[in-house]
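A.B. asks: The following block contains the structure, expressed as structure tokens.
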Amino acid sequence: KQEVTQIPAALSVPEGENLVLNCSFTDSAIYNLQWFRQDPGKGLTSLLLIQSSQREQTSGRLNASLDKSSGRSTLYIAASQPGDSATYLCAYSGGYNKLIFGAGTRLAVHP
Amino acid sequence: DAGVTQSPTHLIKTRGQQVTLRCSPISGHKSVSWYQQVLGQGPQFIFQYYEKEERGRGNFPDRFSARQFPNYSSELNVNALLLGDSALYLCASSLDWRSEKLFFGSGTQLSVL
């Protein structure tokens with residue numbers, strides 16, 4: 001069964017902290033792994049995409065790593081801001097457009 | 001350029017009714033995928049269409065169907081609605097069926113009473 005687990009399920013931190021969000025998956029034959037951001041009642045915005053042959057990707061204050069052998073990915077958020085408050089979802093693709101999602105980590109950054 | 005547009009944004013139906021959700025992809029995108037997101041869970045893949053043909057289907061009952069039109073827009077139909085069909089339905093478009101980059105719409109929130 002294809003499964004994605006995200007830990008923690010929820011996180012509340014003061015502004016300025018560096019954060020680590022974890023994602024684990026059971027399927028070893030992944031094509032790529034993506035991190036998305038979702039604001040309440042809204043669609044998904046792609047943050048980072050890591051190919052299966054890559055180890056990490058960076059965009060601004062975000063860095064995502066991928067360890068395919070252990071079935072883990074980590075999203076680092078540096079110097080968190082209140083505007084970072086959202087749900088963060090990881091998803092992997094076994095090929096093409098079918099994404100398998102985790103349930104997400106709900107992040108609240110308070111001033 | 002307009003992003004992925006979905007209509008309606010909200011919908012309330014009663015059990016047993018039928019519903020049609022609509023999606024217009026980004027201009028130039030030929031593939032459309034549908035996902036169901038139940039509250040508190042991640043999205044689940046329902047269908048992918050490319051060039052009017054079904055390219056993939058998730059583990060959903062036959063009450064769920066979809067189609068893609070020549071202009072690449074798409075409709076998702078759900079018959080005989082159940083309370084458990086209440087969810088946010090997301091449409092995503094991509095250049096083609098193998099593209100890794102998906103662009104999601106804001107979704108249609110369906111409530112079944």
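A.B. asks: Please go through the range A:68-111 and give me each residue that is closer than 30 Å to B:Ser31 by Cβ, more than 14 Å from chain B (Cβ to nearest Cβ) and open to solvent by 30 Å² or more (accessible area, probe 1.4 Å), ordered by number.
C.D. replies: The answer is A:Lys68, A:Arg72.
A.B. asks: Check off (1) out of contact with any His (no Cβ under 8 Å at 6 or more places or on another chain); (2) within 14 Å of chain A (Cβ to nearest Cβ) for B:Asn77 and give me the number that stays unchecked.
C.D. replies: All conditions are met except number (2).
Quick grid of which residues meet (1) in a strand (DSSP E or B); (2) open to solvent by 30 Å² or more (accessible area, probe 1.4 Å); (3) of a type in the set (Phe, Trp, Tyr):
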site: B:Ala2; (1), (2), (3): no, yes, no
site: B:Leu11; (1), (2), (3): yes, yes, no
site: B:Leu21; (1), (2), (3): yes, no, no
site: B:Ser33; (1), (2), (3): yes, no, no
site: B:Arg55; (1), (2), (3): yes, yes, no
site: B:Glu75; (1), (2), (3): yes, no, no
site: B:Asp96; (1), (2), (3): no, yes, no
site: B:Glu100; (1), (2), (3): no, yes, no
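A.B. asks: Where in the range A:5-67 are there strands (runs of 3 or more DSSP E), lying fully within it, with 2 or more residues that are open to solvent by 30 Å² or more (accessible area, probe 1.4 Å)? It would help to see each step written out before you state the result.
C.D. replies: Details: elements: A:10-14, A:19-25, A:32-38, A:44-51, A:56-59, A:62-67.
Filter on the range A:5-67 gives A:10-14, A:19-25, A:44-51, A:56-59, A:62-67.
A.B. asks: In this structure, does B:Leu83 turn out to be touching a residue at least 24 places away in the same chain (Cβ under 8 Å) and open to solvent by 10 Å² or more (accessible area, probe 1.4 Å)? Steps first, answer last, please.
C.D. replies: Working: touching a residue at least 24 places away in the same chain (Cβ under 8 Å): yes; open to solvent by 10 Å² or more (accessible area, probe 1.4 Å): yes.
Taking the combined requirement at face value, the residue satisfies it.
A.B. asks: Tell me yes or no: at least one residue of the range A:49-59 is facing chain B (nearest Cβ under 10 Å) and not hydroxyl-bearing (Ser, Thr, Tyr). So that I can check it myself, show each step before the final result.
C.D. replies: Of all residues in the range A:49-59, those facing chain B (nearest Cβ under 10 Å) come to A:49, A:51.
Subset that is not hydroxyl-bearing (Ser, Thr, Tyr): A:49, A:51.
Within the range A:49-59, one or more residues are facing chain B (nearest Cβ under 10 Å) and not hydroxyl-bearing (Ser, Thr, Tyr).
A.B. asks: Those residues that are open to solvent by less than 60 Å² (accessible area, probe 1.4 Å), closer than 17 Å to B:Ser31 by Cα, part of a strand (DSSP E or B) and away from chain A (no Cβ under 14 Å), I need them from the range B:61-73; list them, please.
C.D. replies: B:Ser65
A.B. asks: Identify the single condition in (1) of a type in the set (S, T, N, Q); (2) farther than 30 Å from A:Trp35 by Cβ; (3) in contact (Cβ under 8 Å) with a residue 24 or more places away in the chain that B:Ser65 does not satisfy, given that it satisfies every other one.
C.D. replies: For B:Ser65, the failing item is (3).
The values are calculated or read from the model by the stated rules, or taken from the named source; none is laboratory data. What you see is a predicted model, and the numbers here were worked out from it, not measured in a lab. As a convention, Cβ positions derive from the backbone with ideal geometry for all residues, glycine included, and neighbour counts pool all protein chains shown. Side chains are part of the model used for accessible areas, which takes the heavy atoms of the whole protein and leaves out ligands, DNA and RNA. Shrake-Rupley method; radii C 1.70, N 1.55, O 1.52, S 1.80 Å.
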